[in-house]
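Novice: To start, I am sharing the structure in question, which I have written as structure tokens.
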Amino acid sequence: MLYGPEAGMVGYDPKADGRSISSFEVAVAGSVSGLVTRVMVSPLDVIKIRFQLQIERLSRSDPSAKYYGILQAGRQILQEEGLAAFWKGHVPAQLLSIGYGAVQVYKTLRDAVVTMYRTEGPLVFYKGLNPTLIAIFPYAGFQFSFYSALKHVHEWVLPAQGRKNENLKNLLCGSGAGVISKTLTYPLDLLKKRLQVGGFERARATFGQVRSYRGLLHCAQQVLREEGPTGFFKGLSPSLLKAALSTGFVFFWYELFCNLFHHMKKADS
């Protein structure tokens, strides 16, 4: 299944313009472009997660709100925690080994793993698994359904284009499908983050109010009761901005590396 920037590359054919590159080189270009892109958009991920974990409203009018906007949150994090804070949890995010959200309340990956294991045991690394598993199937279904639907819409609006701009069509439709799917399944992502950081209230005390949840259903009920329906979408704006930038960046780096491999082959021949 495809997530994040790679989702926008559904149906993309790097050999469509006649570049002589192997499947291995295509795989390397895709992997490296995804890695570089994640490094570049990590600050938006950090801000998104801070928004997701904030119980207070994301509003300037709420005096108890630590964060209320993307730029304001960026300035606040930079001032209080330094530039490196925007890449907190970056290693586990790349490895997908433990909860990204939980690691952001710790100084280092090792500190996070040791503390989490000592305080709550091995099961702590599986917190938030239920909403993750629940989100997998609708996300995949939404993504490919909307991708197909948007391609049909594109062909209906621009029937004369044919295959002339096939890659551009795939990019636009893939990006659109990713944004729609992300929005529809976003509440489950927020619930996952809330559950993942449960038990580490002391580490998060400086960020505002904290809550303890007994499970997925209890977490959803608490969010709805205390924060209202919009509470399920906290952090959606930096998440969608990240998705849009990721798609552009991943294609930029992907094309760059594919062209590099192509020119290296031409030079050798």
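The values are calculated or read from the model by the stated rules, or taken from the named source; none is laboratory data. Because the structure is predicted, anything quoted here is derived from the model rather than measured. Here the Cβ positions follow ideal geometry from the backbone for every residue, glycine too, while neighbour counts run over all protein chains shown. Side chains included, ligands, DNA and RNA excluded: accessible areas come from the protein's heavy atoms. Shrake-Rupley method; radii C 1.70, N 1.55, O 1.52, S 1.80 Å.
Novice: Any chance the stretch 25-33 includes a residue that's at pLDDT 85 or above and farther than 30 Å from residue 137 by Cβ?
Specialist: To start, the set of residues in the stretch 25-33 that are at pLDDT 85 or above comprises none.
No.
Novice: All but one of (1) exposed (fewer than 14 other Cβ atoms within 10 Å of the Cβ); (2) more than 29 Å from residue 36 (Cα to Cα); (3) not polar (S, T, N, Q) hold for residue 260; which doesn't?
Specialist: Failed condition: (2).
Novice: I've got another one for you. Take the residues in the stretch 170-187 that are more than 14 Å from the chain's Cα centre (by Cα) and open to solvent by less than 10 Å² (accessible area, probe 1.4 Å), then tell me which one is nearest to residue 51 (Cα to Cα).
Specialist: The selected residue is 177.
Novice: Hey, can you tell me all the residues within the stretch 215-236 that are in contact (Cβ under 8 Å) with a residue 40 or more places away in the chain and open to solvent by 70 Å² or more (accessible area, probe 1.4 Å)?
Specialist: 226, 233
Novice: If you go through the stretch 63-84 one residue at a time, do you hit one that is assigned to a helix (DSSP H, G or I), modelled with pLDDT under 85 and crowded, with 17+ Cβ neighbours inside 10 Å?
Specialist: Checking the stretch 63-84: not a single residue is assigned to a helix (DSSP H, G or I), modelled with pLDDT under 85 and crowded, with 17+ Cβ neighbours inside 10 Å.
Novice: Further question: For residues that are modelled with pLDDT of 90 or more and not polar (S, T, N, Q), tally how many sit in the stretch 190-231. Even if it seems obvious, please write down each step before you answer.
Specialist: Residues of the stretch 190-231 modelled with pLDDT of 90 or more: 190-191, 217-231.
Those still in the list that are not polar (S, T, N, Q) too: 190-191, 217-220, 223-229, 231.
So the answer is 14.
Novice: Checking the structure you have, find out if any residue of the stretch 35-43 is in a loop (DSSP other than H, G, I, E, B), at pLDDT 65 or above and not charged (D, E, K, R).
Specialist: First pass over the stretch 35-43, keeping only residues in a loop (DSSP other than H, G, I, E, B): none.
For the stretch 35-43, residues in a loop (DSSP other than H, G, I, E, B), at pLDDT 65 or above and not charged (D, E, K, R): absent.
Novice: Here is a follow-up. Which helices (runs of 4 or more DSSP H) sit wholly inside the stretch 193-269 and have at least 3 residues that are within 21 Å of the chain's Cα centre (by Cα) and not hydrophobic (A, V, I, L, M, F, W, C)? Break it down into steps so the answer makes sense when it comes.
Specialist: Working: elements: 201-204, 216-227, 236-268.
Passing ranges, in order: 236-268.
Novice: Restricting attention to the stretch 237-269, which residues are among the hydroxyl-bearing types (Ser, Thr, Tyr) and in contact (Cβ under 8 Å) with a residue 40 or more places away in the chain? Talk me through it step by step, then tell me what you get.
Specialist: Quick first cut of the stretch 237-269, residues among the hydroxyl-bearing types (Ser, Thr, Tyr) only: 237, 239, 246-247, 254, 269.
Result: 237, 239, 246, 247, 254.
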